[in-house]
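The values are calculated or read from the model by the stated rules, or taken from the named source; none is laboratory data. Computed from a prediction, not measured in an experiment: that's the story for all the values here. So basically every Cβ, Gly included, is an ideal-geometry build from the backbone, and we count neighbours across all protein chains shown.
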Amino acid sequence: MKCPYCTEINNKVIDSRLSKDARTIRRRRECLACKRRFTTYEKLEDVLPMVVKKDGRREPFSREKIISGIRKACQKRAVSVTKMEDFVDSLELYFQEAGRKEIDSSEVGEKVINALKEWDEVAYVRFASVYRQFKDINEFMEELQEILKTKQDRDIE
């Protein structure tokens, strides 16, 4: 591991700790040349499936792409970053444990949209408008009416 301060490659590990989920190791290191300390994280390389897009293209599962879409939908909403990241962690683990080599992008999208629907209605509609590719205001209104109907049904119970 190269020192971020002096770029020397000789260093020693001072302390190692497992993360809460036991999937990452945090290592505290000391450079043998400049004596400065720095932290590294070691994570097992995940074997994640390829995502099959609507047009048939295939691309690697991208945690960053999913978290980016969720963050955009939740922008200026009361949804914590921790909640978003925990969800993406569980999504990643779900697809990893499924053991499939390929998954449809629609499966990923539906899991995201269902989570957003539970967390925040505005974030849900934002995501749905892009994910479901609303073509006009009528499609948008249909989705809003469905949300209102569901909300009224819950209030009656």
*Of all residues in the range 40-80 being closer than 24 Å to ARG23 by Cα and among the basic types (Lys, Arg), which is farthest from the chain's Cα centre (by Cα)?*
LYS43
*Inside the range 109-139, can you point out the residues that are surrounded by fewer than 14 Cβ atoms within 10 Å (Cβ to Cβ) and either within 20 Å of GLU85 (Cα to Cα) or of a type in the set (S, T, N, Q) (or both)?*
GLU110, ASN114, GLU118, GLN133, ASN138
*Quick check: is even one residue across the range 31-45 in contact with a Lys or Arg (Cβ under 6 Å, 6 or more places away or on another chain), surrounded by 13 or more Cβ atoms within 10 Å (Cβ to Cβ), more than 30 Å from THR7 (Cβ to Cβ) and modelled with pLDDT of 90 or more?*
no
*Mind listing just one residue for me: the one in the range 93-108 that is more than 17 Å from LYS53 (Cα to Cα) and either touching a helix residue (DSSP H, G or I) at 6+ places or on another chain (Cβ under 9 Å) or charged (D, E, K, R) (or both) and, of those, surrounded by the fewest Cβ atoms within 10 Å (Cβ to Cβ)?*
GLU97
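Conditions (1) under 25 Å from TYR94 (Cα atoms); (2) in contact (Cβ under 8 Å) with a residue 12 or more places away in the chain; (3) of a type in the set (Gly, Ala, Ser); (4) part of a helix (DSSP H, G or I), marked per residue:
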{"residue": "VAL112", "(1), (2), (3), (4)": "yes, yes, no, yes"}
{"residue": "ALA115", "(1), (2), (3), (4)": "yes, yes, yes, yes"}
{"residue": "GLU118", "(1), (2), (3), (4)": "yes, no, no, yes"}
{"residue": "VAL122", "(1), (2), (3), (4)": "no, yes, no, yes"}
{"residue": "ARG126", "(1), (2), (3), (4)": "yes, yes, no, yes"}
{"residue": "GLN133", "(1), (2), (3), (4)": "no, no, no, no"}
{"residue": "GLU143", "(1), (2), (3), (4)": "no, yes, no, yes"}
{"residue": "GLU146", "(1), (2), (3), (4)": "no, no, no, yes"}
{"residue": "LYS149", "(1), (2), (3), (4)": "no, no, no, yes"}
